[in-house]
Amino acid sequence: MNMQTDKEFIALCLDTYFSKHHRVQMRLPIKTDPEDGGVPLSMVNGEVDEEGYVEWKMLPSTVTGEEVTEIEKSLPAPFPPLFRAYLTTRFVLDMQVVNPPYFFMFPELPADNPFRDITFTLQAWNLLLTTGYIPFAEYQDGWGPVCFDTKQQTADGDYAIVWFDHEHLLHELDEEDYRLREKVESYAQSLFPSFRVFMTEMFLH
């Protein structure tokens, strides 16, 4: 599939998901500090209420492929094409994606700092990069990183999705262990065969 087709798929996923969860997830605190996670001014969609909350709106992304490529320079492999499309299609907030039994903290893409979440996640779990895992989201609310397993690649450049329990990563592996694929792999828990299946199951079903 080409990038335009992938972008259209991402737009469909976001539109479908938020049409079902609009009342619950389309209101957040207004941004009052450059370092906080509130709604940037450009994404405000209405008046701020008495509690400081405001409805937000998705916007077309201005993120370029070149900017994504710059992030990829520190990774063991490129992001899957569909995730690149996610990073460059829309500015979007409140990405607590729930579809029982799954609940993921997906990277937000605020208009004023679209790489904030993905950069934080990559830095927080950077030791996983050595053995071919690219962290991009959180399982549940801080249970551990959700990763692309670049050693399990599909024909179209996608990757299998796995997650790691943060307790295992923090308390059962030392820095030397992170250099051993077999050691790290023994803690990986399979979730989805590809990012495309992940998006389909979590956003469209």
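Only the coordinates and a few stated rules stand behind these numbers; no lab work does. These numbers come from a predicted model, not from an experiment. Don't worry about glycine lacking a Cβ; one is built from the backbone with ideal geometry, like all the others, and counts go over all protein chains shown.
What to note about this one:
- Among F198, L109, Q4 - extreme Cα towards positive end, dipole of the chain, charges at beta-carbon: Q4
- Estimated distance in nm for a label pair at N126 and Y53, the labels positioned 7 Å out from Cα along Cα-to-Cβ: 3.7
- Dipole size of the chain about its Cα centre, with +1 on Lys/Arg Cβ and -1 on Asp/Glu Cβ: approximately 700 debye, rounded to the nearest 20.
- Helix-only arithmetic for the chain: the sum of -39500 (n - 2.57) across DSSP H runs with n ≥ 4, divided by the residue total, places the mean residue ellipticity at 222 nm at -8500 deg cm²/dmol.
- Taking a sphere under 14 Å around the Cβ of L109 and counting the other residues whose Cβ falls inside, with K and R at +1 and D and E at -1, yields a net charge of 0.
- Stretch gain in nm, segment I71-L170, where the contour uses 0.36 nm per residue and the Cα spacing is subtracted: 33.2 nm
- Surrounding net charge for D177, when Lys and Arg each add one and Asp and Glu each subtract one, Cβ distance under 14 Å: -3
- Cα centroid of segment 133-171 to Cα centroid of segment 176-197, whole Å: 6
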